[in-house]
Amino acid sequence: MKTLPIHPSDLLSGNDTQGLHVEHVALESVANEFGTPCYVYSQSAIEASWNDFTSHLAPLSPMVCFAVKANPNLAILNLLARLGSGFDIVSGGELARVIAAGGSPSKTVFSGVGKSVSEIEFALHSGVFCFNVESEAELDRIHSVAGRLGTKAPISLRVNPDVNAHTHPYIATGLKESKFGVAWENAVMLYEHASRMSNLSIQGVDCHIGSQITELSPFGEALDRLLNLVEQLKEKGIPIEHIDVGGGIGICYRDEIAPLMADYAKILIDRLKGRSEHLLLEPGRRIIGNAGLLLTRVEYTKTAGDKRFALVDAAMNDLMRPALYEAWHEVRAVKKQGGEQVFDIAGPVCESGDILARDRLLEVHEGSLLAILSAGAYGSSMSSNYNTRPRPAEVLIQGTRAMLIRNRETLSTLWKDEIIPAHSASI
Ligand SMILES: *Cc1c(COP(=O)(O)O)cnc(C)c1O
């Protein structure tokens, strides 16, 4: 088994003359064949992180549901489905993707705060494993839709354990004043409410306390609270079949000490070994984050005051994390050409926030290639067409092969759904 990428640059190989490689493929040849900007993933790195994740948890025989929003490319979902993954979805669109990719709805959990009636119908028709319900109003809605369809909806409540995961406020979700989940204090009452609804079938308890969490103690605290809830429910005569601990385990982007899977697994095993409830998990970033990079070409260099900019052909619309979360991504020059200088790596989008990386010591020349690392999760999936920029191509590397898994968008598809109304008066 290949060792797990624990540092972003572990994805890379190659020497100074050949330039950087992913597996046995030179990034320069990927750029020449598929153009830039381009997302590049390593199949063996995805398999390694999947194996690392699942092997340590094997004593608990969990159902691992990959969080589709981290990377919804059909080829990635198909690869994970073949590895045995289930899926965590947050929209009807993601359910349709899972099905299109050959994933199984019966191994899919449906999370998200705003499920519409049509999404609930679609999920019931498809036979999803469980709805992770995030409010009392949603319980009532699922009950009524299931009643209309003459079926019973499998449900868990997403509970807010009110633990502080010490992560970026935009990705902390387990606090009391969060739009996600139901308050810890109301959970038992809501489960009793659900137990009186004939078209609901209570399956589990669920939480997801945030993302990019690099301390282990919040996971233990959250699980302790869930187990306490399970006991309270048992006393009320409400049996629980599964415990869903969500996702959120962090990775190394820069110098964070990402938790080892062995240590994370121990927290779960210590608390769950020998219990009857089934374990579910919803990892996203941990599986795919360090298995992908964004390849970009330098268009220009320029200086402005004391600043030196490398203007590249990737931008905030392709990789939103730096602009949205001030996230740090490691950047490497694909070929050593001499002449290291400190650069800000900026995209062409008309926003001052369109800086992909600041103050990096790099060998940058017009036309040279840069690899923006740790871009496998929440990279392509958060991309947009802002500034009428087609979204990048995506390529999956498998040993010596580079396979196109998404065409670069073409301009005409960007406005194919737009309509110029027939004009009634002259302009
Ligand atoms: C985003 C999300 C996940 C995945 O989070 P990661 O930090 O990528 O592991 C899991 N569950 C839910 C409900 C989510 O919204």
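The values are calculated or read from the model by the stated rules, or taken from the named source; none is laboratory data. Here the structure is a predicted model, which means the values were calculated and not measured. With ideal geometry, Cβ positions are generated from the backbone for all residues, glycine too; neighbour counts draw on all protein chains shown. Only protein heavy atoms, including side chains, enter the accessible area calculation; ligands, DNA and RNA are left aside. Shrake-Rupley method; radii C 1.70, N 1.55, O 1.52, S 1.80 Å.
Quick notes
- When E231 is tested against the conditions (1) under 20 Å from L280 (Cα atoms); (2) touching a residue at least 40 places away in the same chain (Cβ under 8 Å), the lone failure is (2).
- The single residue among N51, N71 that is in contact (Cβ under 8 Å) with a residue 24 or more places away in the chain, under 21 Å from G250 (Cβ atoms) and within 14 Å of the ligand (Cβ to nearest atom) turns out to be N71.
- Residue pairs meeting the criteria (Cβ under 9 Å; at least 6 apart or on separate chains; first on the phi > 0 side of the Ramachandran plot and in the same structural domain as I372 (by TED's automatic domain parsing), in segment 325-339; second at pLDDT below 95 and among the β-branched types (V, I, T)): G339/V364
- Some residue of segment 58-71 being more than 23 Å from F180 (Cβ to Cβ), touching a strand residue (DSSP E or B) at 6+ places or on another chain (Cβ under 6 Å) and either at pLDDT 95 or above or surrounded by fewer than 19 Cβ atoms within 10 Å (Cβ to Cβ) (or both): yes
- Selection within segment 374-420 - open to solvent by 100 Å² or more (accessible area, probe 1.4 Å) and free of Cβ contacts under 8 Å to residues at least 60 places away in the same chain: N407, W415, K416, D417, E418, I419, I420
- Being part of a helix (DSSP H, G or I) and either open to solvent by less than 30 Å² (accessible area, probe 1.4 Å) or within 16 Å of H278 (Cβ to Cβ) (or both) is a property that does not hold for A165.
- Filtered residue count, segment 183-193, keeping only those that are at pLDDT 95 or above and under 24 Å from G247 (Cβ atoms): 4
- Looking across segment 235-258, just one residue is within 16 Å of the ligand (Cβ to nearest atom), of a type outside the set (D, E) and modelled with pLDDT under 95, and that is A258.
- Residues of segment 200-234 that turn out to be open to solvent by 10 Å² or more (accessible area, probe 1.4 Å) and either outside the structural domain of P154 (by TED's automatic domain parsing) or within 15 Å of the ligand (Cβ to nearest atom) (or both), as a count: 7
- Annotation for segment 29-42: at least one member residue is over 28 Å from T214 (Cα atoms) and without any contact (Cβ under 8 Å) to a residue 60 or more places away in the chain.
- Flag not set for D255, criterion: among the charged types (D, E, K, R) and within 22 Å of G204 (Cα to Cα).
- Applying a threshold of 7 Å to beta carbon distances and a minimum spacing of six or more residues, or different chains, the list of pairs starting in segment 5-28 at a residue that is open to solvent by 70 Å² or more (accessible area, probe 1.4 Å) and ending at one that is among the polar types (S, T, N, Q) reads H24/T400.
- Of all the listed residues (Y253, Y264), the sole one being part of a loop (DSSP other than H, G, I, E, B) and aromatic (F, W, Y) is Y253.
- Residue check, G353 touching an Asp or Glu at 6+ places or on another chain (Cβ under 7 Å) and outside the structural domain of C252 (by TED's automatic domain parsing): no
- Among residues of segment 85-119 being within 22 Å of I243 (Cα to Cα) and more than 16 Å from the ligand (Cβ to nearest atom), the one that is most open to solvent (accessible area, probe 1.4 Å) is S106.
- Looking across segment 120-135 at every residue that is within 14 Å of F180 (Cβ to Cβ) and not small (G, A, S), the one that is surrounded by the most Cβ atoms within 10 Å (Cβ to Cβ) is identified as N132.
- A residue that is closer than 30 Å to L149 by Cβ, out of contact with any Asp or Glu (no Cβ under 8 Å at 6 or more places or on another chain) and in a loop (DSSP other than H, G, I, E, B) occurs somewhere in segment 176-189.
- For N186, the conditions (1) polar (S, T, N, Q); (2) in contact with a Lys or Arg (Cβ under 9 Å, 6 or more places away or on another chain); (3) open to solvent by 40 Å² or more (accessible area, probe 1.4 Å) all hold with the exception of (2).
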